[in-house]
Ligand SMILES: *Cc1c(COP(=O)(O)O)cnc(C)c1O
């Protein structure tokens, strides 16, 4: 599928859900993709991208940002505290805030740098052992702790379990966000972004449907 096909599907899903046109941001997930494919999407005019790894992003985005104006890059993969500074300098948004230690580190660095990327709290909606994220029942408390640190928390993010109906997880994430007065919802990937839009996603993270299959999985 082309970038335009995905945009069209998002527009249709927005309309069907009675949402404003353009209310959903498409994050093109460029992890592991060859530079030529990423460049082609930039040349098509797309400007919002997602990466999983700080190191990989540091290797390719500074040059792309020099070559194309108005680019923003979102971190959608796990972040270690010792990479927080580099991540805050590199990314416009971090979708994987998931523990107090990291929140404290980001808060300290935000003071020092005088700036902070938009933050999303990752929620482990399926309570999966192997998955990062705050447990649903601990999310209200964690958001309050982040707010006490003055962190710019804009919303919540989830990656539903592969073997469950994603809509249930999207609905749960939307419910937790609403009761915490958070407007941002980062949810939906190549296989389920239209369902995510129907349930209120403000950011969908679409990789393989735009770029083709990844050469290898992270
Ligand atoms: C890789 C990845 C995506 C994109 O997945 P696709 O299925 O290729 O659309 C979205 N979100 C996260 C957190 C990812 O790691």
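Read-outs: derived from the displayed coordinates by stated rules, not from any lab. From a predicted model like this one, the values you see are computed outputs, not experimental measurements. Here Cβ is always computed from backbone atoms with ideal geometry, including for glycine, and neighbour counts include all displayed protein chains.
Quick one: check the C-alpha center-to-center distance for the range 159-181 versus the range 8-40, whole angstrom. Cα centroid of the range 159-181 versus Cα centroid of the range 8-40: 20 Å apart.
Here the simple spin-label model places points 7 Å from the Cα toward Cβ, and for residue 137 and residue 150 these points are separated by 3.4 nm. Diagonalising the gyration tensor over the Cα atoms of the range 61-218 and scaling each eigenvalue by 5 before taking the square root yields semi-axes of 23, 22, 14 Å, largest first. Helices in the chain, meaning DSSP H runs of at least 4 residues, each add -39500 (n - 2.57). Divided by all residues, the mean residue ellipticity at 222 nm is -13000 deg cm²/dmol.
Neighbour counts of other C-beta atoms within 10 Å: give me 150, 181 arranged from fewest to most.
Fewest-to-most ranking of 150, 181: 181, 150.
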